[in-house]
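Undergrad: Below is one structure. I have some questions about it.
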Amino acid sequence: MSISERRKLSIIDRKKPKVNLQKNYMINLQIGFIVTLILLITLFRVNLHPRGEFEIVEVEQEIIEMEEIIQTEQEITPPPPPRPPSPEPVPDDEIVEDLFFDLDTEIDLDAPLDMPPPPPPADDDEEEEPEVFTIVEDMPELIGGMQAVYEHLRYPEIARKAGIEGRVVVQFIITEEGNVIDPVVVRGIGGGCDEAAIEAVKQIKFTPGRQRGRPVKVRYSMPITFRLSQ
């Protein structure tokens, strides 16, 4: 193709009217929306589920009941007792001898009877042990106060050299006369202090405790302190 022919073709193309692409744009867009909407409505209306209905049937489980079979015992009927023997007739000519028992039935009423010895008489003169009280209306009081205890207290030399100090608790009973009996150490410190506390308690005296106006025995506890002088 020559140059002149090319120029003619370019002139012809320039003379052709330009295609207006925007003229049908809105129409095509609306048609596309309509088609898309129809497709969506069709999809929603179509039944996608299978036509056949599937029904779940629950099968009831068979319940098996276990019955306890009670073992029966066959009762054995005891045999009937034997019949008593029939009496035999005794002829009239036979004489039955009478049996005679010789019993010595003579009783000597004047003879002494062999009787067991009588039980010993109850000792009513035995006095009951008086009750020991812990708390009474009028509690016993130490005569001379705690000073009387420390006057009789001797500090053991072993405890003194070992430097043993502390408190010894002695429990005892105060009688109706105000005396001390049965002293026992319920809390000790050792080193001979327990024995020294008991010896000191034995030498003191109390005014007796009284319950409803009469003197009674009272259980009493006393702490005794051992302390070395500085």
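The values are calculated or read from the model by the stated rules, or taken from the named source; none is laboratory data. Computed from a prediction, not measured in an experiment: that's the story for all the values here. Counting neighbours? That spans all protein chains shown, and the Cβs are built from the backbone with ideal geometry, glycine included.
Undergrad: I'd like to verify a number: residues in region 163-205 that are more than 17 Å from Phe226 (Cα to Cα), surrounded by 17 or more Cβ atoms within 10 Å (Cβ to Cβ) and touching a helix residue (DSSP H, G or I) at 6+ places or on another chain (Cβ under 8 Å), how many?
TA: Of the residues in that region, 4 qualify.
Undergrad: For region 126-182, which residues satisfy the criterion of being in a loop (DSSP other than H, G, I, E, B), touching a Ser or Thr at 6+ places or on another chain (Cβ under 8 Å) and of a type in the set (Val, Ile, Thr)?
TA: Correct list: Ile143 only.
Undergrad: Return the pairs, sorted by first residue and then second, in which the second residue is loosely packed, with under 14 Cβ neighbours inside 10 Å, the first residue lies in region 202-216 and is at positive phi, the beta carbons are less than 8 Å apart, and the residues are 6+ apart or on different chains.
TA: Arg212/Glu137
Undergrad: Turning to a different aspect of this structure: Is it true that Phe172 is touching a Phe, Trp or Tyr at 6+ places or on another chain (Cβ under 7 Å) and modelled with pLDDT of 95 or more?
TA: Judged against the criteria, Phe172 is a match.
Undergrad: Would you confirm whether or not region 154-162 contains a residue that is in contact (Cβ under 8 Å) with a residue 40 or more places away in the chain, crowded, with 18+ Cβ neighbours inside 10 Å and either under 14 Å from Tyr220 (Cα atoms) or among the charged types (D, E, K, R) (or both)?
TA: no
Undergrad: Go through (1) more than 49 Å from the chain's Cα centre (by Cα); (2) farther than 18 Å from Thr225 by Cβ one by one and return the number of the condition Thr134 breaks.
TA: (1)
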